[in-house]
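This report concerns only the one structure given below.
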């Protein structure tokens, strides 16, 4: 329930604080006193959209703060919601933390339900009729199961269509895949091949120069009379002759032996390289052609030879998919048939339960609206079944097979017609109250607010409405804005809203009335601005009889 509400700088309200009581409370006041502003404030703090026009003239921002009491797992808990509104936008807070406006609305949806004169849209939407019947019938879990089954049917059908589309392009695409796979495999590319070919091409392109350098190097190292090898041999001979005269010459001669080995190894390398460089010019042409092929494949299939191999693997996988399409289509048909059977069973059970509940609900609503002054009206909950066609997966609907609509016959002898087309505003208000009464054991919200639900009624009907509101208050906190003394007299708590003007500024205030003050307010509601002793006496009797005060 809502325990506390504070509104600051909201339209004509400067600063109003309200401590709300449980049970059945009414709010009354002159037309234009600001009753709707209170409701606007509650809607704002519950996450509804707001306009900067609601900010009081001269103020930078408006704020609404509400404290809700809720029963948690550890006992009674409190939730604090706050909404700020300014010309630059607004902010929302829950328990002191900044939250998105959507979060505020989600939290409030389980705490409070505001029903105003313009909220008949609930009764004008067929989706709402279906949702209400499911809530009454307790079929929400079965409806969710049906929705999951319907989604499976449609998902599998879409998957089958994808495979059918692939099958239609199968022949042409397979030919293309086979061509590319064969082309890449025939090329026989291998990692590192390109670098090897570039090295060979470099050698062949410079074969003449390399041959001259190799021959000259070989002459210097080994081949000529003045080569390193020949001179080194002569030097070793001289050192051998000097050896007897000093041990250092013998050591140097031994060191020169390893240098001689290096020169001979260099000579062998030069000989082998000269023989390797003797490939024919045709070999250079082959290498150029191979490198050209590699470059063409890189432009076509991938930046590197490794990428080309990866592309080849993907082509083979796609080819495998195409080759298996027929098998997959057969499996898809089997999967859809199984999913359709699951959906059909769930949807049929849901429809059967709804049809049974619809008759019961129609009778309950008809009884309730009779108590609200519509004694001769007939109310019907019509369930139209649209069969599921397994050959049309899109006919598997999340809501099942049924379309639900509320019908009413306000006068005897007239056939029931759609409520959304023929009901008046006053009738819609009473029907909405009847729906709330029937659903009171299932409503999630602990607080129900009715904004002038008494529009278009009076006399005994108003008394019936009042009794119904008081009955709702046994399970919910009920707040009702009303102009009728019959309804106000049944409330356990009475709040009066008034407006005054000071120094060209308008101020709206609200106060909780004592029993004597309630008598005066009821008398005003009955007789207007001229409150007579007779009106006061009647108000006192009405309050004593209806509220026990």
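No lab work stands behind these numbers, since they all come straight from the coordinates. Small disclaimer: the values here were computed from a predicted structure and weren't measured. Using ideal geometry, Cβ is built from the backbone for each residue, glycine included, and neighbour counts are taken over all protein chains shown.
Structure values in brief
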read-out	value
Kirkwood hydrodynamic radius over Cα pairs of region 114-236, then Stokes diffusion coefficient at 25 °C and 0.890 mPa s, in µm²/s	99
Cα gyration tensor shape of region 437-549, rounded if a/c is under 1.5, else prolate or oblate by comparing a/b with b/c	oblate
Longest to shortest principal axis, alpha-carbon extents of region 172-323, angstrom	93, 31, 18
Helix 247-276 axis, angle to the chain major axis (alpha carbon atoms, nearest 10°)	70
Cα-based helix-to-principal-axis angle, 425-438 vs the chain, degrees rounded to 10	70
Bridge type composition, the chain - antiparallel percent by DSSP, nearest 5	75
C-alpha long axis of helix 281-301 to longest principal axis of the chain, angle in °	0
Computed [θ] at 222 nm, deg cm²/dmol, the chain (DSSP H ≥ 4; -39,500 (n - 2.57); rounded to nearest 500)	-18500 deg cm²/dmol
Packing-based ranking, highest mean first, of 385-392, 265-272 given that Cβ atoms within 10 Å are counted	265-272, 385-392
Rg(Cα)/(2.2 N^0.38 Å) for the chain, N = residue count	1.94
